[in-house]
1. It is to be established whether one or more residues within the stretch 33-41 are among the hydroxyl-bearing types (Ser, Thr, Tyr) and either at pLDDT 95 or above or touching a Lys or Arg at 6+ places or on another chain (Cβ under 8 Å) (or both).
Amino acid sequence: MVHRDPVERHNLEVGLCSICDHASHKVSVKGVAYWCCCRVSSETVFRRYPTLPVEKCVGFEIKTPKTTPPTARQERGPSGTRDAASESKGFAR
């Protein structure tokens, strides 16, 4: 079964924090992993270290994908040559 909805693909042990834009995953020097809610700095109703798994949260916002510029390898087509789309974007040799 293929899940296309990111909420359905979250880590079940962590809950919504695993796909929340305001959560950050930390690992201590001793190797202990934990999740931190960054919304607590602006809104005190949230817990800095929520009890996992988080199944409901009024502050939940799905992570937005970070875009990065294409690398030289990504600009090339399947044959290793630059494709037409790259040429039109000014990546010509």
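1. Looking only at the stretch 33-41, we keep the residues that are among the hydroxyl-bearing types (Ser, Thr, Tyr), and these are 34, 41.
Now drop any that are not either at pLDDT 95 or above or touching a Lys or Arg at 6+ places or on another chain (Cβ under 8 Å) (or both), which leaves 34.
Yes, the stretch 33-41 contains a residue that is among the hydroxyl-bearing types (Ser, Thr, Tyr) and either at pLDDT 95 or above or touching a Lys or Arg at 6+ places or on another chain (Cβ under 8 Å) (or both).
To keep it simple, each residue is scored yes or no on (1) surrounded by 14 or more Cβ atoms within 10 Å (Cβ to Cβ); (2) modelled with pLDDT of 90 or more; (3) over 30 Å from VAL14 (Cβ atoms).
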position	(1), (2), (3)
GLU43	no, yes, no
PHE46	yes, yes, no
TYR49	no, yes, no
THR67	no, no, no
PRO70	no, no, yes
GLY77	no, no, yes
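The values are calculated or read from the model by the stated rules, or taken from the named source; none is laboratory data. Since the model is a prediction, treat every value here as computed from it, not as a measurement. FYI the Cβ positions are ideal-geometry reconstructions off the backbone, even for glycines, and counts take in every protein chain you see.
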